[in-house]
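Presented below is the structure to which this report refers.
The values are calculated or read from the model by the stated rules, or taken from the named source; none is laboratory data. Quick caveat, the model's predicted, so the values are computed rather than measured. So basically every Cβ, Gly included, is an ideal-geometry build from the backbone, and we count neighbours across all protein chains shown. Accessible surface areas use protein heavy atoms only, side chains included; no ligands, DNA or RNA. Shrake-Rupley method; radii C 1.70, N 1.55, O 1.52, S 1.80 Å.
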Amino acid sequence: MHPTTSPRRKIKVFHLISGDLWAGAEVMALTLLRRLQTDDRIELSVLLLNNGKLADCLKKNHLNVHVIDEQKHSFHQILYKSRALLKRWSPDIIHSHRYKENILALLARGEKNHIRLVATQHGLPEHYGNKISFRARSIAKIHLHLLAKMFSSVVAVSADVQSFLLGQPGFREDRVEIIHNGIELPEAFAKKDETAVDFVIGSSGRLFQVKDYPLLCEVASSVAKRSREKIRFELAGDGPQRALLEKLITHLDMKESFLLRGHQEDMDSFYEGLDLYMSTSIHEGIPMAVLEALVRGLPVIAPAVGGFKEIINDGVEGFLIPDRDPHSFAEKCLLIQGNENLRRKMSLAARKRIEHAFSAQSMADAYYRLYCRTMIQ
């Protein structure tokens with residue numbers, strides 16, 4: 001059978017996801033599972049380690065979902081129950097997301113080597129580029145070793161992530177494949193009220209160090225000092241850096257023009273209120289928030305790092321900034337804000353970019369082909 005040939009029976013795929021957060025990996029998983037659910041060549045089952053928004057969304061879509069709450073069970077109990085599920089369901093493939101789930105997938109499979117393991121690496125390790133403890137560094141090395149040696153396939157969501165993995169011992173080029181994240185393409189979105197006075201620049205994500213939101217605050221300050229018009233910044237999300245950002249916003253005298261929106265259940269309304277989207281992350285894979293902004297026709301400004309370079313063509317759908325100087329970001333903000341024709345061109349290009357390269361269906365098709373190849377390895 002050729003690697004891209006469909007098998008004669010359904011492929012049984014068991015997804016293993018923590019579900020403790022509602023972030024890019026969870027949004028991607030939900031999008032993928034919804035699409036795969038409509039494919040009659042695949043039979044799906046999902047194990048989550050937490051109740052939460054992902055569990056609710058999957059159940060509403062009538063997926064076969066099991067929850068073993070890690071808040072109520074020890075690791076040994078989770079492992080025992082996971083093995084029982086695998087024995088009862090007998091999947092062909094376990095597809096896991098993030099390192100904790102990857103390790104659980106390996107241990108739960110045990111000696112059932114006929115069950116293939118697939119993992120999606122959603123980005124570079126959170127500690128990448130930072131100093132970490134010896135214990136954390138050792139765990140990271142063990143995880144990468146297990147991925148390289150024990151998993152049939154590892155999906156990198158960007159070329160940057162693939163390059164990182166192939167630079168680690170044991171990873172083979174034929175076992176590390178790039179599959180870009182995808183997003184649904186609704187026919188239309190509600191647009192910002194054209195009578196609104198303020199020009200609004202927004203960002204969203206967990207308030208973690210890797211997102212570098214202090215840089216976003218510095219950009220906002222630079223924009224405020226250089227613009228004669230009222231420009232407001234909004235940041236949706238919550239996390240451990242909220243207090244730090246509140247202090248910085250006060251220090252920069254930006255309380256009137258920089259709004260911390262906190263966790264947002266209705267992200268559609270958040271995006272509706274924006275004119276421009278910005279990311280300041282130190283590194284990213286293929287961030288779902290950026291895809292969500294682009295599909296809504298928002299120009300995007302982001303650093304020229306990681307997966308951003310695979311999403312955004314500099315000067316077409318937005319701008320890529322080669323340094324981390326807040327004034328460089330501010331300059332492009334003001335250029336887009338002050339040029340309505342440029343903003344319209346970028347808006348049209350943004351939507352087309354998603355349609356051509358980052359649709360949910362193209363992502364699901366790529367994962368199905370990967371499952372087929374994995375089955376005959």
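Does ASN113 satisfy being within 21 Å of TYR368 (Cα to Cα), open to solvent by 80 Å² or more (accessible area, probe 1.4 Å), without any contact (Cβ under 8 Å) to a residue 40 or more places away in the chain and assigned to a loop (DSSP other than H, G, I, E, B)?
yes
Does LEU124 fit the bill of being buried (at least 17 other Cβ atoms within 10 Å of the Cβ), assigned to a loop (DSSP other than H, G, I, E, B) and not aromatic (Phe, Trp, Tyr)?
Against the criterion (buried (at least 17 other Cβ atoms within 10 Å of the Cβ), assigned to a loop (DSSP other than H, G, I, E, B) and not aromatic (Phe, Trp, Tyr)), LEU124 qualifies.
Are any of the residues in segment 82-102 surrounded by 18 or more Cβ atoms within 10 Å (Cβ to Cβ), under 21 Å from the mean Cα position of the chain (by Cα), among the aliphatic types (A, V, I, L, M) and closer than 19 Å to LYS12 by Cβ?
Within segment 82-102, one or more residues are surrounded by 18 or more Cβ atoms within 10 Å (Cβ to Cβ), under 21 Å from the mean Cα position of the chain (by Cα), among the aliphatic types (A, V, I, L, M) and closer than 19 Å to LYS12 by Cβ.
Kindly list, by first and then second residue, each pair from a residue in segment 196-208 that is free of Cβ contacts under 8 Å to residues at least 40 places away in the same chain to a residue that is surrounded by fewer than 23 Cβ atoms within 10 Å (Cβ to Cβ) and of a type in the set (D, E, K, R), limited to pairs with Cβ atoms under 7 Å and residues at least 6 apart or on different chains.
What qualifies is VAL197/LYS230; ASP198/LYS230; ASP198/ARG232; LEU207/ASP238; LEU207/ARG242.
If only one of SER269, SER222, SER257, SER227 is touching a His at 6+ places or on another chain (Cβ under 7 Å) and either modelled with pLDDT of 95 or more or among the hydroxyl-bearing types (Ser, Thr, Tyr) (or both), which one is it?
SER222
Please state which one of ARG206, ARG228 is under 21 Å from ALA304 (Cα atoms), assigned to a loop (DSSP other than H, G, I, E, B) and of a type outside the set (A, V, I, L, M, F, W, C).
Of ARG206, ARG228, the one residue that is under 21 Å from ALA304 (Cα atoms), assigned to a loop (DSSP other than H, G, I, E, B) and of a type outside the set (A, V, I, L, M, F, W, C) is ARG206.
Yes or no: ILE336 over 23 Å from ASP160 (Cβ atoms) and either of a type in the set (Ser, Thr, Tyr) or in contact with a helix residue (DSSP H, G or I) (Cβ under 6 Å, 6 or more places away or on another chain) (or both)?
Here the answer is yes, as ILE336 does meet what is asked.
For residues in segment 312-331 being aliphatic (A, V, I, L, M) and assigned to a loop (DSSP other than H, G, I, E, B), which is most open to solvent (accessible area, probe 1.4 Å)?
VAL316
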